[in-house]
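The values are calculated or read from the model by the stated rules, or taken from the named source; none is laboratory data. Since the structure is predicted, the reported quantities are computational estimates derived from the model, not experimental observations. All Cβ positions, glycine included, derive from the backbone under ideal geometry; neighbour counts span all protein chains shown. Surface areas here come from the heavy atoms of the whole protein model, side chains and all, with no ligands, DNA or RNA. Shrake-Rupley method; radii C 1.70, N 1.55, O 1.52, S 1.80 Å.
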Amino acid sequence: MDEIRISGGKPLYGTVKVQGSKNAALPMMAASLLYKGVSILKGCPKIADVFCMEEILRELGASTWWEDHDLYMDCTHADGTEIPCGYTGKMRSSVIFLAALLGRSGKGQMGYPGGCVIGQRPIDLHLYALRSLGAVIEESPFFISAKCDRLSGNEICFTKRSVGATEQAILGAVLARGETSIRNCAREPEIVWLCRYLRRMGAIIQGEGEDCICIRGVEELHGGVMQVPPDRIVAGTYLCACAATRGKISLENPPVGELDAFLEVYRKMGGQYKVKSGKLVADGTGVNRAVPFLKTEVYPGFPTDLQSPLMAVLAAIPGESHIREQIFEDRFKAAEELNRMGAEIAVVGRDARICGRKGLRGCTVCAEELRGGAALVIAGLAAQGETIVRGCSYISRGYEHICEDLSLMGADIVLI
Ligand code: UD1
């Protein structure tokens, strides 16, 4: 099994370029199935989740290839309608292929989606959206089957904001007959990027980034070409690494404007930053203040995906910090491993109290999910001595070259 070996205690100094966004690229890949021709995602991250979506496209009959970091998807013959559970079980985002299959072929069958175990992660809102658009859906213990003549526009009113279910609704509505309004939808930047991509493909969409998205269905779409935006969670992860090691780093290609909630916390901890010549320049040397209370929220609130990386920073700041996780019910898995590194984190339900009395010390820890794995790497960078992080396959789902990037900034880190 791959493991990351870190010799910690060195401040990060240097510049790295932020990779393309995982959560933006994945729904765009599903959207590409809606056109019988070639679509291109430029600057697409080469990460395990993207490769898994690529395998699904190929399983459906598409040809895909890479030219450097540009992903070409030729969906001319992607007329398959079944996605085996061997693929869907690997990742959560596979579920949004259901809308794309219905939009393209009027039917689809797939295994249940897998993904990081950070809570129950039901798909009721996804199925509600598709049923609202006229899909007939059957759920068996092993498969979900859906069919329709042609999806019909309708009003979809979510009881809870969900990124994936909003994407599902959008992907279903763009080729549906008539108009769809999606209320109480997610407002995350990835929704906005998906809508921009679909608009380039000829979709008629208004309101992305707001509470209600309106879509007028069209008869057909054409090919999409889009630059994948920078990954705000990867950027935040590197800023956490800078803060935890009290370093100074610059991020090229930063997702400016998408990190405001995180940067506010960064500043409260004593960090500084500025945007200069298109780079985000961060100074973590003054990070020394605990965060009395922070809750994760839907966008534009503090992102749940940065909760564990931030916890690793707070674990070594004197004073007591308190994080409430409001999005996923089981997202404190990294806490136990951080405690093995000398942290004092007490988790009760959705609350974590972090007492940053002592410094961290290196030891062997195991990642159990993607962002929790990144948190362990951050802790390893800050800790005295050697840390070995196992379970790296989780980390490679979202980070293209975390070890190379951190090495470039002076960290003593290697993937073995
Ligand atoms: C996406 C992101 C993930 C991020 C999350 C929240 C991708 C590929 N993943 O995941 O990185 O952490 O948004 O910002 O973009 N829910 C239901 N029923 C549903 C769907 C969701 O109850 O049908 C619940 C979930 O269990 C969770 C909450 O809604 O408690 C939010 O989940 P959601 O926004 O759907 O997250 P994902 O799209 O899975």
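How would you classify segment 22-227 from its alpha-carbon gyration tensor, with a ≥ b ≥ c the square roots of the eigenvalues: rounded for a/c under 1.5, else prolate if a/b is greater than b/c, otherwise oblate?
Here segment 22-227 falls in the rounded category.
Of the listed pairs K46/K295; K10/K46; K268/K358; K333/K358; K279/K358; K10/K42, which have alpha-carbon separations greater than 23 Å here?
K46/K295; K10/K46; K279/K358; K10/K42
Between F97, F262, F328, find the one with the highest GNM mean-square fluctuation for the chain; connect C-alpha pairs within less than 10 Å.
Largest GNM mean-square fluctuation: F328.
Can you check what the net charge comes to around Q206, using other residues whose Cβ is under 11 Å from the Cβ of Q206 (Lys, Arg +1; Asp, Glu -1)?
-1
Based on the alpha-carbon gyration tensor of segment 70-149 and its eigenvalue square roots a ≥ b ≥ c, which shape applies: rounded if a/c is under 1.5, prolate if not and a/b is larger than b/c, or oblate?
Cα axes put segment 70-149 in the oblate bin.
Using the Cβ atoms and a cut-off under 12 Å, what net charge is assigned to the surroundings of V348, where Lys and Arg are +1 and Asp and Glu are -1?
For residues surrounding V348, the net value is +1.
Using just the C-alpha positions of segment 147-267 as equal point scatterers, what log10 of I(q)/I(0) does the Debye formula give at each q in 0.11, 0.16, 0.19 1/Å?
Those come out to -0.47, -0.80, -0.99, one per q.
Over the chain, with every protein chain in place, what whole percent of the accessible area is carbon and sulfur at 1.4 Å, could you tell me?
It is 49 percent, rounded to a whole number.
For the chain, build the charge dipole from Cβ charges (+1 Lys, Arg; -1 Asp, Glu) around the Cα centre, then report which of A173, G257, C85 sits farthest towards its positive end.
G257
Which semi-axis lengths, in whole Å and largest first, follow from the square roots of five times the eigenvalues of the Cα gyration tensor of segment 26-86?
Taking √(5λ) for each eigenvalue gives 17, 14, 9 Å, largest first.
I need the semi-axes of the equivalent ellipsoid of the chain: take the C-alpha gyration tensor, multiply each eigenvalue by 5, square-root it, list largest first in whole angstrom.
38, 21, 20
Averaged per residue, what accessible area in Å² does segment 62-191 show with a 1.4 Å probe, protein chains only?
I get 40 Å² per residue for segment 62-191.
Where Lys and Arg each count +1 and Asp and Glu each count -1, what net charge lies around E219 among other residues with Cβ under 12 Å from its Cβ?
Residues close to E219 contribute a combined charge of +2.
So what's the back-of-envelope 222 nm ellipticity for the chain, counting only DSSP H runs of four-plus at -39500 (n - 2.57) apiece and dividing by all residues, rounded to 500?
-9000 deg cm²/dmol
L251 accessible area, nearest 10 Å², 1.4 Å probe?
So the heavy atoms of L251 present about 0 Å² to solvent.
Under the rule a/c < 1.5 gives rounded, and otherwise a/b versus b/c splits prolate from oblate, where does segment 1-107 land using the Cα gyration tensor?
prolate
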